[in-house]
Amino acid sequence: MPKPVKKVVIPVAGLGTRVLPATKSIPKELLPVVDRPLIDYVVSEARDAGIEHVILVTGRGKSAIEDYFDHAFELEATLKAKGKNDILANVEKTIPRAGDLSYTRQQAPLGLGHAVWCARAIIGDEPFAVSLPDEIVPHRPGFLRQMVDAYENVGGNLVAVEEVPQKDTSKYGVIAPKARKENLIEMTGMVEKPKPEDAPSNFRIIGRYILQPDIFPLLETQEKGAGGEIQLTDSMNKLNARQTFHACICEGVIHDCGSKLGWLQANADLGIKNDEFGAALADYIRARL
Ligand code: G1P
């Protein structure tokens, strides 16, 4: 049995440029999908995968995320005084147990690889997960749960993947497959944002990873890659020369809320599934079409 995955790194320092101006003065991780911010979905998916400790890699202008995971005394006292106990219970559910959440700050936007490296001291010498907060998986079991289950069998490192049209490979990290067994593909490597003609496959990396701590020394010495950024993909590729990497084709839908269309689709999808007003929303959308 490989060492268990107990910690997740969630980089939240990004500027949210794809959804401006909505993210001009609020962190994109706090954009709501129905009634909860994106970050809440990602943390809850990690908890359901057995993760005990969440590490948020924050940046300037992101302190509202820390407030979201803390008590809001005035709000809670007012809800209590007015007897709004259901709402209060929902608000209190957002607060993790003290000490289960850590913050570290990425002082400059140098890339995803650099953001993950910023968490090295909190991770220490154990395997860990990385979840990118733009992408949310509302159903259960979530992608991270499915990956942790696969990891318990194969160990090493894992990334989640999905097939995309070949023309879209330049938007993502793309894997080079070796052998496929059901929903797991053993990999020989990966490339960040390849041109369609250079892409080794059309399986793109989704923002869910399980990594061994041996990635940190590689990230530390790494040069800039695609887009002039320190890429996680480049160090994973180097690690793949020494350790196994599997790509996991997870079951279910993932919504990319880092784009305006993806965020609207997530709201429509989860909105029509909502117990309280889903049927009314579906009627409304049908009538508008
Ligand atoms: C990052 C990764 C990329 C991955 C993508 C998934 O890219 O570098 O490999 O496919 O997330 O969302 P970014 O979206 O930060 O450019």
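FYI, it's all coordinate maths here, none of it is from the lab. Since the structure is predicted, the reported quantities are computational estimates derived from the model, not experimental observations. A quick note on method: Cβ atoms are made from the backbone with ideal geometry, for glycine too, and the neighbour counts reach across all protein chains shown.
With Rh defined as the Kirkwood radius, the inverse of the mean 1/r over Cα pairs, the Rg/Rh of the stretch 78-151 is 1.08.
Applying the criteria of a DSSP loop state and at most 15 other Cβ atoms within 10 Å to the GluC sites (Glu not before Pro) of the stretch 186-289 yields 223, 251, 276. In percent, rounded to a whole number, the relative contact order of the chain is 22, using alpha-carbon pairs under 8 Å and six or more apart. Cα axis of helix 278-288 to longest principal axis of the chain: angle in degrees, 0 to 90, nearest 10? Here the helix axis deviates by roughly 80 degrees.
Ordering of 123-136, 231-244 by packing is 123-136, 231-244, highest average first (other Cβ atoms within 10 Å, averaged per residue). Output the 0 to 90 degree angle, nearest 10, between the alpha-carbon long axis of helix 143-154 and the longest principal axis computed from the alpha carbons of the chain. Approximately 40 degrees, to the nearest 10.
Helical runs (DSSP H, four residues minimum) scored at -39500 (n - 2.57) apiece and divided by the length of the chain put the mean residue ellipticity at 222 nm at -9000 deg cm²/dmol. Under 5 Å from the amide H of residue 173 lie the amide H atoms of 193, 205, each residue being 5 or more positions distant or on a separate chain, with H modelled from the backbone and absent for Pro and chain starts. Annotation: amide H-H contacts under 5 Å for residue 183 (H modelled 1.01 Å from N, sequence separation of 5 or more, or interchain): none. A DSSP coil position with no more than 13 other Cβ atoms inside 10 Å describes the following chymotrypsin sites (Phe, Trp or Tyr not before Pro) in the stretch 240-289: 277. Net charge dipole, the stretch 77-234: roughly 700 debye, given to the nearest 20, about the Cα centre with Cβ charges of +1 for Lys and Arg and -1 for Asp and Glu. Across 278, 83, 14, mean-square fluctuation computed from a Gaussian network of the chain (C-alpha pairs under 10 Å connected) peaks at 83. Restricting everything to alpha-carbon atoms, can you work out Rg to Rh for the stretch 83-199 with a Kirkwood hydrodynamic radius? That ratio is 1.03, to two decimals.
If one computes P(r) from the Cα atoms of the stretch 172-278, what percent of pairs lie at distances over 22 Å? Tail fraction, whole percent: 44.
Taking the longest Cα principal axis of the chain as reference, the axis of helix 38-48 is set at about 70 degrees.
Restriction of the trypsin sites (Lys or Arg not before Pro) in the stretch 19-114 to DSSP coil positions whose beta-carbon has at most 16 other beta-carbons within 10 angstrom yields 24, 60, 82, 84, 93, 97.
Work out the P(r) tail for the chain: percent of alpha carbon pairs separated by more than 23 Å, whole number. The answer is 56 percent, as a whole percent.
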